[in-house]
1. At a 1.4 Å probe, what is the % contribution of carbon and sulfur to the accessible area of the chain?
2. With θ set to phi - 60° and the Karplus curve 6.51 cos²θ - 1.76 cosθ + 1.60, what are the ³J(HN,Hα) couplings of region 8-25 in order, to the nearest whole Hz, using x for Gly and Pro?
3. What's the tally of Lys pairs in the chain whose alpha-carbon atoms lie under 25 angstrom apart, where the two lysines are 8 or more places apart or on different chains?
4. Rounded to whole Hz and in sequence order, give me ³J(HN,Hα) for region 36-43 from the Karplus expression 6.51 cos²θ - 1.76 cosθ + 1.60, θ = phi - 60°, writing x for Gly and Pro.
5. Taking DSSP loops as anything outside H, G, I, E and B, show the longest stretch in the chain free of trypsin sites (Lys or Arg not before Pro) there with at most 16 other beta carbons within 10 Å.
6. Any idea what the dipole of the chain comes to, in debye rounded to 20, about its Cα centre with Lys/Arg Cβ at +1 and Asp/Glu Cβ at -1?
7. Helix-derived [θ] at 222 nm for the chain: sum -39500 (n - 2.57) over DSSP H runs of at least 4, divide by residue count, nearest 500?
8. Output ³J(HN,Hα) for region 53-62: one whole-Hz value per residue in order, computed from phi by the Karplus curve 6.51 cos²θ - 1.76 cosθ + 1.60 with θ = phi - 60°, and x for Gly and Pro.
Amino acid sequence: MKVKSGQEILNDFFETIEAMKNVDPKISQLIAQLYKDDSLTDKAIKNGLEQLRIQEKDQDEA
């Protein structure tokens, strides 16, 4: 049995996060993309979530 490295476990997780049940698809896409872009930081997550809120608010008002 091969033991996966930490990096392999992270890669597997972020490759499948969008398919997880009970996870908002927009948020999972954001998180997965930040990981792929190597920019998964507190600040990037907060900014991304704020952008999602703004987009959602704009759609509700339209």
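The values are calculated or read from the model by the stated rules, or taken from the named source; none is laboratory data. Not measured: the values here are computed from a predicted model. All Cβ positions, glycine included, derive from the backbone under ideal geometry; neighbour counts span all protein chains shown. When the accessible area is computed, the model is the full protein with side chains, heavy atoms only, and any ligands, DNA or RNA have been set aside. Shrake-Rupley method; radii C 1.70, N 1.55, O 1.52, S 1.80 Å.
1. Carbon and sulfur atoms account for 53 percent of the accessible area of the chain.
2. Running phi through 6.51 cos²θ - 1.76 cosθ + 1.60 with θ = phi - 60° gives 5, 5, 4, 4, 4, 4, 6, 6, 10, 4, 5, 8, 6, 6, 6, 10, 4, x Hz.
3. 13
4. For region 36-43, the Karplus curve yields 4, 7, 6, 10, 7, 10, 3, 4 Hz.
5. The longest uninterrupted stretch comes out as 22-62.
6. Dipole magnitude for the chain comes out near 260 debye.
7. -22500 deg cm²/dmol
8. Those phi angles translate into 4, 4, 4, 5, 5, 4, 5, 5, 7, 7 Hz.
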